[in-house]
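Just below is one structure, and these are the notes that go with it.
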Amino acid sequence: MKFMIHNRFDAIAPLAEQVEAYLAKQRVAPETILTTNLCLEELLTNTIKYGYSDDDVHEISIEFNLQNAEMSIEIVDDADPFDPTSDAPTPEIETPMEERPIGGLGILLVTSFTDSMQYDRRQNHNRLTLRKRLNQNT
Amino acid sequence: MEIKDAFEDNVVIVQPAGRLDSTSSPEFEQFLLAKTADHNLLIIDLSRLDYISSAGLRVVLAGAKRSKSANGRMLLCGMKGVIHQIFEVSGFLKILEVEKNLNKAKQAIKR
């Protein structure tokens, strides 16, 4: 199942509703649907906020594949090259509250709620593949 | 998102319900800013929250920092299931004051 959105923040909530409806139909656990939408919000917000150096409308595709108790999600965009598996700063979660910078959490949440994340830059497109085993609680 | 609030025994209790995401976080931030400006004891009850993303977590952390620098106190309570897990993996459970439910938070904030 493939979803397409434009690089606009207000596209994320309607996408989340469509993803929820689709995954519920595939009998994916509600907790997994929630964390999947969390991952999508974190990644898409980053891309839309920082990824484009022009004001044009760009398309982002989000493609789901569910088979053999595994879900894979491939996100493809034509934004500036960005590899969340290596370019994102590691948040300082052990730092005392008063010293912690605000922000930098999104990618940590994505890696926590998926089993793997793979990045590839091909033909001027970022291609990020998330994988998650199903039939578990989150 | 819907935000309810109450004022009991000098403590402000804030209850956000629904989704605390990148769209609704600015509204919640404004709400918290207004509350922490006037009062220094604050409980945020998350029992009616269905979803939170890093945008929402940032607002909570900023609120706790503000409250601490003003010699106030901010307690969180009522996190369930995945919401609790999201706070846990973000490392926030170690740095914020968290109670199981609203009653426990009301007792704890007096200590």
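The values are calculated or read from the model by the stated rules, or taken from the named source; none is laboratory data. All of these numbers come straight from a predicted model, not from anything done at the bench. No Cβ is skipped: glycine too gets one built from the backbone with ideal geometry, and neighbour counts run over all protein chains shown.
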Original post:
Pick from A:ALA79, A:ALA88: which is among the aliphatic types (A, V, I, L, M) and either out of contact with any strand residue (DSSP E or B) (no Cβ under 9 Å at 6 or more places or on another chain) or modelled with pLDDT under 95 (or both)?
Top reply: A:ALA88
Subject >> Residue in segment A:58-71 that is surrounded by the most Cβ atoms within 10 Å (Cβ to Cβ), counting only those that are under 14 Å from the mean Cα position of the chain (by Cα) and under 13 Å from A:GLN26 (Cβ atoms) >> reply: A:MET71
**OP:** Collect the residues in segment A:1-57 that are facing chain B (nearest Cβ under 10 Å), farther than 28 Å from B:GLY81 by Cβ and loosely packed, with under 15 Cβ neighbours inside 10 Å, keeping them in residue-number order.
**Re:** A:LYS49
Subject >> Candidates B:LYS106, B:LYS80, filtered to the one that is over 30 Å from A:LEU40 (Cβ atoms), of a type in the set (Lys, Arg) and in contact (Cβ under 8 Å) with a residue 24 or more places away in the chain >> reply: B:LYS106
**OP:** Report, by residue number, each residue of segment B:1-41 that is closer than 17 Å to B:GLN107 by Cα and charged (D, E, K, R).
**Re:** B:GLU8, B:ASP9
Original post:
Among the strands (runs of 3 or more DSSP E) contained in segment B:1-109, which hold 2 or more residues that are farther than 15 Å from A:LEU34 by Cβ and not hydrophobic (A, V, I, L, M, F, W, C)?
Top reply: B:2-8, B:11-20, B:97-99
**OP:** For B:GLY91, indicate whether it is modelled with pLDDT under 95, within 13 Å of chain A (Cβ to nearest Cβ), surrounded by 15 or more Cβ atoms within 10 Å (Cβ to Cβ) and touching a strand residue (DSSP E or B) at 6+ places or on another chain (Cβ under 7 Å).
**Re:** no
Original post:
Based on what the data block shows, is B:GLU99 surrounded by 19 or more Cβ atoms within 10 Å (Cβ to Cβ), out of contact with any Ser or Thr (no Cβ under 6 Å at 6 or more places or on another chain) and not aliphatic (A, V, I, L, M)?
Top reply: yes
